[in-house]
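The values are calculated or read from the model by the stated rules, or taken from the named source; none is laboratory data. Since we're looking at a predicted model, the values are computed, not measured. A quick note on method: Cβ atoms are made from the backbone with ideal geometry, for glycine too, and the neighbour counts reach across all protein chains shown.
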Amino acid sequence: MSDALILIIAGFVSGLLSGTVGFGGGMILLPAMTSCFGIEAAVPMSTVSQLLSNIFRTTAGFRQVRWKKAGMFLILALPLTIAGAYGFVIVPKEIMTRLLSVLLILFALLEMSEKFRLPKSRWTMLAGGGVAGAINGLLSLSGPVSSAVFLTLGLSPIAYIATEAAAATVMHIVQLAAYGEFGLMSWRIVAEGVWAGAAMMLGNWIAMKRIKTIKRKIYRRTVAVVMIACSIWLFFSV
């Protein structure tokens, strides 16, 4: 199977997933891109694809975006995205990826037990944004963390996905600018990222047509299950 076909299939599947639960696209794309191009190219390439996907999801639910909440989230997310992008240059990627996978699995298990909830407050948005930004710059895998933060707002599925996507769009723009400054971008990375991103948008479009009637309790549990599955996959893919 050619690299291009692998990216298109991975992009479409990741688009279905991220369009349904609000994250997971990067956790599917990154292993696929790493297998084809190596981790150094895969992270910025995945960021290009996710930027297109997040723009689409923001546009699809534009009227339901909670802009003030997204802005609060970005206060610390943006500077720490830049710091994380620098860390990507110097930190061992395999160690960071496996540590993140374990932490996400633990969080998802707590979420499913319904004995743990992040508090609904501005401090959750600020601190969560900071953590998500750092992980975003390092591995372009902030989706599960930012999703956990935005779930505290109790939004409808469409509003939740669109608001998280709006914040992620800004983070990815800053992230790509930082990668460019650190010499990590090339026209090939952009081109391959656009191919996968187009497939992601198609998957997003199909998924977002089908989530409007999902009950919130079922939705939260679905997010947790997907988080565990993607984290296990990510752990063993590096």
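Only one residue in 147, 113, 142, 101 is over 17 Å from the mean Cα position of the chain (by Cα) and either at pLDDT below 85 or under 18 Å from residue 33 (Cα atoms) (or both). Which one?
None of the others qualify; the one that does is 113.
Residue 28: of a type in the set (A, V, I, L, M) and under 30 Å from residue 209 (Cα atoms), yes or no?
Answer is yes for this residue.
Would you mind telling me which numbered condition in (1) within 24 Å of residue 69 (Cβ to Cβ); (2) modelled with pLDDT of 85 or more residue 186 fails?
It fails just one condition, (1).
Can you pull out the residues in segment 64-85 that are farther than 21 Å from residue 182 by Cβ and either surrounded by fewer than 19 Cβ atoms within 10 Å (Cβ to Cβ) or touching a strand residue (DSSP E or B) at 6+ places or on another chain (Cβ under 7 Å) (or both)?
Hits for segment 64-85 are 64, 67, 68, 71, 75.
When residues of segment 152-184 are filtered for being hydrophobic (A, V, I, L, M, F, W, C), in a helix (DSSP H, G or I) and under 18 Å from residue 135 (Cα atoms), how many remain?
Counting residues in segment 152-184 that are hydrophobic (A, V, I, L, M, F, W, C), in a helix (DSSP H, G or I) and under 18 Å from residue 135 (Cα atoms) gives 11.
Within segment 25-44, is even one residue assigned to a helix (DSSP H, G or I), modelled with pLDDT of 90 or more and of a type outside the set (A, V, I, L, M, F, W, C)?
yes
Could you tell me whether any residue of segment 144-154 is closer than 20 Å to residue 231 by Cα and polar (S, T, N, Q)?
yes
I'd like the full set of residues that are part of a helix (DSSP H, G or I) and either more than 27 Å from residue 151 (Cβ to Cβ) or among the hydrophobic types (A, V, I, L, M, F, W, C) (or both), limited to segment 7-24.
7, 8, 9, 10, 12, 13, 16, 17, 21
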